[in-house]
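What follows is one structure encoded as structure tokens, with my remarks underneath.
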Amino acid sequence: MQLRPQSRGVIHAVSPEPFVAPSNRPNFLAEEEDRRVIVEGMKIARHIVEQAPMDVFRDMEMNPGPNCCTDADWLDFARSNGQTIYHICGTCRMGTDEKAVADPTLKLRGIEGLRIVDASIMPKMLSGNIQAAVFIIAEKATDMILADAAR
Ligand SMILES: Cc1cc2nc3c(=O)[nH]c(=O)nc-3n(C[C@H](O)[C@H](O)[C@H](O)COP(=O)(O)OP(=O)(O)OC[C@H]3O[C@@H](n4cnc5c(N)ncnc54)[C@H](O)[C@@H]3O)c2cc1C
């Protein structure tokens, strides 16, 4: 698992109709660094399991198996067997620059009265499970919404 991938995907609305599914291009392994890390990581995993103290636990390597030898083989295995861990985030990134969708108080820039409170505002991908961070975003947003309402 590449916990800090450099590849970035895109998701775009394709229609003003809300029930039309958006176009989603994850773009996995687009960046050379991600390909390198994934290939090296799998090679290290094989190396660890090949060590003598692991003999009692290991029989044969089933996947990708002994025919996987070159970096190209490993990458091919990653491309055909890799899975997302469903940590989609950052599609409405929070920030202060021109390209940020939400401001640091989670308000949608350019539209009055609308905040975004979910994983989409994360400016960067976390290197781990993201649900706890979503809860924290929600708690923080609640405080900001209540503070605004009290003014
Ligand atoms: C299979 C799977 C396993 C996962 N496992 C883990 C894990 O082990 N640990 C971890 O930390 N994270 C895990 N995640 C990731 C985590 O669940 C999500 O990142 C997190 O739930 C995102 O929260 P969110 O509020 O951004 O979006 P969501 O939780 O998707 O919430 C979006 C909400 O909006 C509602 N909605 C959508 N459209 C509309 C609409 N038009 N009008 C009104 N409501 C709408 C949806 O019904 C939904 O309730 C997993 C995700 C998946 C899919």
**OP:** Taking the residues in the range 5-34 that are touching a helix residue (DSSP H, G or I) at 6+ places or on another chain (Cβ under 6 Å) and farther than 16 Å from residue 91 by Cβ as candidates, determine which candidate is surrounded by the fewest Cβ atoms within 10 Å (Cβ to Cβ).
**Re:** 6
Subject >> Cross-chain or 6+ apart pairs with Cβ under 9 Å, the range 126-151 first and within 13 Å of the ligand (Cβ to nearest atom), then among the charged types (D, E, K, R) and at pLDDT below 95 >> reply: 127/4
**OP:** Hey, can you tell me all the residues within the range 74-109 that are among the acidic types (Asp, Glu) and part of a helix (DSSP H, G or I)?
**Re:** 76
Original post:
Across the range 36-89, which residue is surrounded by the fewest Cβ atoms within 10 Å (Cβ to Cβ) among those that are within 16 Å of the ligand (Cβ to nearest atom) and at negative phi?
Top reply: 83
Original post:
Going by the structure shown, is residue 24 assigned to a strand (DSSP E or B) and touching a residue at least 12 places away in the same chain (Cβ under 8 Å)?
Top reply: yes
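Yes or no, residue by residue, for (1) closer than 25 Å to residue 86 by Cβ; (2) in the same structural domain as residue 120 (by TED's automatic domain parsing); (3) free of Cβ contacts under 8 Å to residues at least 40 places away in the same chain; (4) part of a loop (DSSP other than H, G, I, E, B):
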residue: 6; (1), (2), (3), (4): yes, no, yes, yes
residue: 15; (1), (2), (3), (4): yes, no, yes, yes
residue: 19; (1), (2), (3), (4): yes, no, yes, yes
residue: 28; (1), (2), (3), (4): yes, no, no, yes
residue: 39; (1), (2), (3), (4): yes, no, yes, no
residue: 45; (1), (2), (3), (4): yes, no, yes, no
residue: 57; (1), (2), (3), (4): no, no, yes, yes
residue: 66; (1), (2), (3), (4): no, no, yes, yes
residue: 72; (1), (2), (3), (4): no, no, yes, no
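The values are calculated or read from the model by the stated rules, or taken from the named source; none is laboratory data. Keep in mind that what you see is a predicted model, and the values were worked out from it rather than measured. Every residue, glycine among them, receives a Cβ derived from its backbone with ideal geometry; neighbour counts consider all protein chains shown.
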